[in-house]
1. Looking only at residues that are touching a residue at least 40 places away in the same chain (Cβ under 8 Å) and touching a helix residue (DSSP H, G or I) at 6+ places or on another chain (Cβ under 6 Å) in the stretch 139-183, which one is farthest from E87 (Cα to Cα)?
2. Return a yes/no flag: does the stretch 107-129 have any residue that is in contact with a Cys (Cβ under 6 Å, 6 or more places away or on another chain) and part of a loop (DSSP other than H, G, I, E, B).
3. When the stretch 37-61 is examined, which residues are found to be closer than 19 Å to G96 by Cα and either in a helix (DSSP H, G or I) or within 12 Å of the chain's Cα centre (by Cα) (or both)?
4. Which of the residues that make up the stretch 91-118 are within 29 Å of D51 (Cα to Cα) and touching a helix residue (DSSP H, G or I) at 6+ places or on another chain (Cβ under 8 Å)?
5. If I filter the stretch 54-95 down to residues being in contact with a Ser or Thr (Cβ under 9 Å, 6 or more places away or on another chain) and hydroxyl-bearing (S, T, Y), which single residue comes out as modelled with the lowest pLDDT?
6. Can you tell me which residue in the stretch 1-49 is modelled with the lowest pLDDT, limited to those that are within 20 Å of D128 (Cβ to Cβ) and among the β-branched types (V, I, T)?
7. So for the stretch 109-121 (the condition being touching a Pro at 6+ places or on another chain (Cβ under 6 Å) and hydroxyl-bearing (S, T, Y)), does at least one residue qualify?
8. Considering only residues that are more than 23 Å from S184 (Cβ to Cβ) and surrounded by fewer than 13 Cβ atoms within 10 Å (Cβ to Cβ), which ones fall in the stretch 76-130?
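The values are calculated or read from the model by the stated rules, or taken from the named source; none is laboratory data. This is a predicted model, so every value here is computed, not measured. For neighbour counting, all protein chains shown are included, and Cβ atoms are generated from backbone atoms with ideal geometry for every residue, glycine included.
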Amino acid sequence: MCSLWVPLVFSCLGQLCADQSLKPQIAVPHLATNNPTLTTVALEKPFCMFDNSLYPNKSYVIYLYAMKESASAISSLVTNDSSKPLESTFQQTSGGQLGPYKAALFNVPSCASPPKLADVGDVNKVADVLKQYLFRVGDDGTCLYDPNFLSVCNPPLAPDTTYRFKYVLVDSIEGIMKDQTFWSDPIKTRRGDQKILLQRQGTCLRLFNKVNQNHS
């Protein structure tokens, strides 16, 4: 199913698609099934969104902010008075209830060199292609409880809850915002039994640890 959709996706990478150029977009069902889940939302990375703001010999990164839906979500700022992006965490904002938190940091995806279409048909490479093209918000079930975790924490989202998301282009040397998208449309996670959800998360974690042990 992916192979039918991917050519359409990458046909937009050479020039901005009008409906995708201003705000984060949820991944289409053909590429990310069961999306959103109870605790995650798969978004398309901002290919080509910031090309006009990129300058040679400069280094940039993308910040992804998330917040729960509220009356002020559209106007909520993600920078201070000096144009420095906020470092608000999931914990400090009560999971996005009090305002936006930084959920991720990643390199600017290359509009000129997108993932290779030829690799989509290769079962050994398709996962890597999807990883390059998509970002899953809420995909880290352990960072909140790991005292040694030093990166940006991207913990599970709340089930049956509406969120908005925003991409910000940051000069990685100066540490200031150079460009940003609008807030996304409201995206709601699925409803579900929280007890069952936690049991599934525990099972997945045990399986992950077992696989790592087998390969170590």
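1. Among those residues, the one meeting the criterion is G141.
2. Within the stretch 107-129 (the criterion being in contact with a Cys (Cβ under 6 Å, 6 or more places away or on another chain) and part of a loop (DSSP other than H, G, I, E, B)), the answer is yes, since at least one residue qualifies.
3. T40, V41, A42, L43, listed by residue number.
4. Across the stretch 91-118, the qualifying residues are P109, C111, P114, P115, K116, L117.
5. Restricting to residues being in contact with a Ser or Thr (Cβ under 9 Å, 6 or more places away or on another chain) and hydroxyl-bearing (S, T, Y), the top hit is S70.
6. V6
7. No - not one qualifying residue is present in the stretch 109-121.
8. D81, S82, A112, S113, A118, G121, D122, V123, N124, A127
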